[in-house]
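Chemist: So that we are looking at the same thing, I have put the structure below in structure tokens.
The values are calculated or read from the model by the stated rules, or taken from the named source; none is laboratory data. Keep in mind the model is a prediction, meaning the values are calculated, not measured. Ideal geometry is used to build each Cβ from the backbone, glycine not excepted, and the neighbour counts take in all protein chains shown.
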Ligand SMILES: [Zn+2]
Ligand SMILES: [Zn+2]
């Protein structure tokens, strides 16, 4: 057997690009369509064999070590097809050559599901309705009426492609295109299944139980492998993505994994201090209000926020205090407040401007910037 490098006329350290170039040049000269005759055909075979080995890094390595890569050795011989030669000759990919399979992987499906804030906080289970393609129950994905099956395409002889030879300045050039009769499948369904029109799949609505993990937020996608669209011709199903939309809550606002809520306090309670009971996601919780609490101050209840989606633990519940100034005072209330103001020397306050970063103004800035 002759040396593959010699056959292609390249050095032993030739790059894959050089090997490809050398092969294309020789294949053009020796191709049976261009250069008929037994001698050229023999040389064309030898050149193609050499290219088959040297263009594959694995085979080339074995060959370089002196391994047997003659006809019949693993990965060579019968497996070598005309398509491979044409691909190298014309520089095309081989993926779409030959009869194509009726089987396709199904597409992924996306469905949006709205959940309550409590489900986002604690997680849960729910039933969802999914509308996807499923395997046809009549033909079990075959696409043919039961008992009829498919037959080989007469036009292309089952190859799924037809060759035509055209004249060019290089001589005759063969082109290949998918067979129009069988759409490249190589087989024809004579009696398509009535239920699925030969697609092998039908649309169907089904219900699925899904687990909503604690910590999900609007935009979180849950991937359910193999629950998407079933592919044509009994192909494997794609995945189903469930995109979460968390419904707005009347009292809690979510920021990351923290929850924020506002509690209104009468001016007197804020001044004197008190204990209030808050209706949190975890049920009633007591909140101590220090005497002299200002409007806009916050108190953090640790661990009463949303669960972290990854890793354990939970965010916090941040309670914003809103001190309510009494309105519509009756005569007694007005007198009492006036007395209090007199005792505290507050009948004519100075209207001193607050400095930046402190007091109400600083807190206002924080609130506006979302901190
Ligand atoms: Zn069917
Ligand atoms: Zn055909």
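Chemist: Within the bounds of the range 216-234, is there any residue that is in contact with a strand residue (DSSP E or B) (Cβ under 9 Å, 6 or more places away or on another chain), part of a strand (DSSP E or B), over 30 Å from residue 31 (Cα atoms) and within 16 Å of ligand 1 (Cβ to nearest atom)?
Modeler: No, every residue in the range 216-234 fails to be in contact with a strand residue (DSSP E or B) (Cβ under 9 Å, 6 or more places away or on another chain), part of a strand (DSSP E or B), over 30 Å from residue 31 (Cα atoms) and within 16 Å of ligand 1 (Cβ to nearest atom).
Chemist: Okay, next question. Residues in the range 203-214: is at least one assigned to a loop (DSSP other than H, G, I, E, B), surrounded by 14 or more Cβ atoms within 10 Å (Cβ to Cβ), more than 16 Å from ligand 2 (Cβ to nearest atom) and within 23 Å of the chain's Cα centre (by Cα)?
Modeler: yes
Chemist: Do you know which residues across the range 151-166 are under 37 Å from the mean Cα position of the chain (by Cα) and within 9 Å of residue 182 (Cβ to Cβ)?
Modeler: Hits for the range 151-166 are 158, 160.
Chemist: Could you tell me whether residue 173 is away from ligand 2 (no atom under 16 Å from the Cβ), in contact with a strand residue (DSSP E or B) (Cβ under 6 Å, 6 or more places away or on another chain) and within 30 Å of residue 248 (Cβ to Cβ)?
Modeler: Here the answer is no, as residue 173 does not meet what is asked.
Chemist: Another question about this same structure. Suppose we keep only residues that are farther than 13 Å from residue 158 by Cα and surrounded by fewer than 16 Cβ atoms within 10 Å (Cβ to Cβ) within the range 178-200. Which one would you say is nearest to ligand 2 (Cβ to nearest atom)?
Modeler: Among those that are farther than 13 Å from residue 158 by Cα and surrounded by fewer than 16 Cβ atoms within 10 Å (Cβ to Cβ), it is 190.
Chemist: Could you tell me whether any residue of the range 165-177 is surrounded by 14 or more Cβ atoms within 10 Å (Cβ to Cβ), part of a strand (DSSP E or B), at pLDDT 90 or above and more than 13 Å from ligand 1 (Cβ to nearest atom)?
Modeler: Of the residues in the range 165-177, the ones surrounded by 14 or more Cβ atoms within 10 Å (Cβ to Cβ) are 173-174, 176.
Next, only the ones that are part of a strand (DSSP E or B) stay: 173-174, 176.
So of that shortlist, the ones also at pLDDT 90 or above come out as none.
Within the range 165-177, not a single residue is surrounded by 14 or more Cβ atoms within 10 Å (Cβ to Cβ), part of a strand (DSSP E or B), at pLDDT 90 or above and more than 13 Å from ligand 1 (Cβ to nearest atom).
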